[in-house]
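Data first, discussion second: the structure below is written as structure tokens.
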Amino acid sequence: MAAEGHGHSPIEQFEIKELLPINIFGVDASLTNSGAYMIVALSLIFGFLYFSTGGRSLVPTRMQSISELLYEFVANTVRENVGNQGMQFFPLVFSLFIFVLVLNLLGMIPIPGITFTVTSHIAITGALAIMVISIVIFYGLYKHGLGFFKIFVPSGVPLALYPLLIPIEIISFISRPISLSVRLFANMLAGHIALKIFAGFIGVLLGAGAWAILAPLPLALTVALTALEVLVAVLQAYVFAVLTCIYLSDAVHGSH
Amino acid sequence: MAEKSNTSGAGVVHDVQTSTAPHGEAHGASTFPPFNSETFAPQLVWLALTFTILYVLMSRLLLPRIGEVIDERRERIQRDLDTAERLKSDTDKAIANYEKAFADARANAGSIARETREKLDAKVAERQAAADADNAANIAAAEKSIQQTRTKALASVDEIATDVAGAVVKQLIDADVSASDIRSALSSRTS
């Protein structure tokens, strides 16, 4: 009975399960379901992009079109938000976008007892966000030296307001990695919890005698939520990429 | 869950221990998984590994591969457009040349026609002038001969009249009248 209750727990799907214990120099590097999902994502991304562009035909095949569409889409996002100097970050933004996108979507494929969404863990989204902000800070310092810190000084504002505005700018800068990581993490987490709860209702209602007649209601809701979650999965990957571009723009162009 | 661990617990005596220990364990396992810091290390290790591989594959292999095709296509289209542009300008040039040649030919034809006309006009005028001069000379000569004939004729008229008058007088009155008398008589009548 408890095991059954355990199975219905909406947060059970976020459990990290160890598949292969590995320990490198005292660091727990065990292969978990999270790691396995990342390997699957990496293989899928590589496999698709590699084999779809195998022909390199001038008139693209359908699969090649998808690859080119993704390429152009991210390239335009980078170009619009960072400008042409930002194209050196294109591989980074593309990697982030496709990685987050595929991990989000993989989490939407229901496999009983296995389905796992890597991006529903703050450790992952946080690490990605910290990586982005670190690149922004290091590249900004490399490009503009200490002048990079001028991004904290709003232009065209009376001097008297500086003591008020500079701390605000600094706080907003520090909150960027937090908002970047929490946005993705919370979206994935909440969506999957909601899905699990509504899907759970179906089973509960079916097992409740005459109430089973109401079971189609949560089913319909689950279908609708699934569609919404697919949208959220794509949208959040895009949002992550766009925000990365906007932050990189600060590093490339200096003060705003 | 605690319920289960209770029932599976060894006995009533160690109830407190058995219930707290599994409860603690259960509590550890049911920590909200994303906040369970024990799992951070393996997640981050594999994230670092997979993302690094992904980034390297993207920047070294996959994106250049896709970009190459797109660039090649763009170049090809640009090249074709350029060729079309060049051919169009060639065509325009050819049309302009043709039109210029046509206009030149028309102008030439006009000038040739004008020259011919002028030449012919001049010739006509020349001939006309020559003919006019001829005619004038002929007319003058004719008029002169008419004048002479007339003068001669007029001179003869007096003589004839005198002769006729003498003859008439002789016939009528059978008298010889001298020619000078008749002449003076006639001239007095006529005057």
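Here are the numbers for the structure shown:
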{"read-out": "Estimated [θ] at 222 nm from DSSP helical runs (n ≥ 4, -39500 (n - 2.57)) normalised by residues in the protein assembly as shown, nearest 500", "value": "-27000 deg cm²/dmol"}
{"read-out": "Virtual spin-label span in nm between B:Asp163 and A:Tyr142, 7 Å along Cα→Cβ", "value": "15.2"}
{"read-out": "Phi-based couplings in Hz for the range B:74-88 (Karplus 6.51, -1.76, 1.60; Gly and Pro marked x)", "value": "4, 4, 4, 5, 4, 5, 4, 4, 4, 4, 4, 4, 5, 4, 5"}
{"read-out": "Stokes-Einstein D for the range B:119-191, Kirkwood Rh over Cα pairs, 37 °C, 0.692 mPa s (µm²/s)", "value": "203"}
{"read-out": "Modelled FRET efficiency - R0 35 Å, A:Phe25 with B:Asp80, Cβ distances, 0.05 increments", "value": "0.05"}
{"read-out": "Label-point separation, B:Ser188 to B:Lys119 (7 Å along Cα→Cβ), nm", "value": "7.9"}
{"read-out": "Test item: Cα-centred dipole of the protein assembly as shown, Lys/Arg +1 and Asp/Glu -1 on Cβ, debye", "value": "300"}
{"read-out": "Among B:Asn108, B:Ala94, B:Ala131 - extreme Cα towards positive end, dipole of the range B:77-156, charges at beta-carbon", "value": "B:Ala131"}
{"read-out": "Principal-axis tilt of helix A:33-52 within chain A, Cα atoms, nearest 10 degrees", "value": "70"}
{"read-out": "Convex hull per residue volume in Å³, alpha carbons only, for the protein assembly as shown", "value": "485"}
{"read-out": "Cα centre as origin, Lys/Arg/Asp/Glu Cβ charges: the range A:2-253 dipole, Debye", "value": "440"}
{"read-out": "Placed amide H near A:Thr32: partners under 5 Å, 5+ positions off or other chain", "value": "A:Leu19"}
{"read-out": "Theoretical FRET efficiency, 1/(1+(r/R0)^6), r = Cβ-Cβ of A:Asn76 and B:Asp104, R0 45 Å, to 0.05", "value": "0.25"}
{"read-out": "10 Å Cβ neighbours from other chains, averaged over peptide B:62-75", "value": "5"}
{"read-out": "Relative contact order computed over chain A (Cα-Cα under 8 Å; 6+ residues apart), in percent", "value": "26"}
{"read-out": "For the range A:2-253, alpha-carbon Rg relative to the globular expectation (2.2 N^0.38 Å, N residues)", "value": "1.23"}
{"read-out": "Distance from the range A:16-63 to the range B:54-83 (C-alpha centre basis), Å", "value": "24"}
{"read-out": "Inter-site label distance for A:Met87 and B:Lys88 at 7 Å from Cα along Cβ, in nm", "value": "2.6"}
{"read-out": "Inter-part distance where the range A:121-190 and the range B:133-191 are each reduced to a Cα centre, Å", "value": "148"}
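Each value in this text was obtained by applying a stated rule to the coordinates, not by laboratory testing. Everything quoted here is computed from the prediction, not taken from an experiment. Ideal geometry is used to build each Cβ from the backbone, glycine not excepted, and the neighbour counts take in all protein chains shown.
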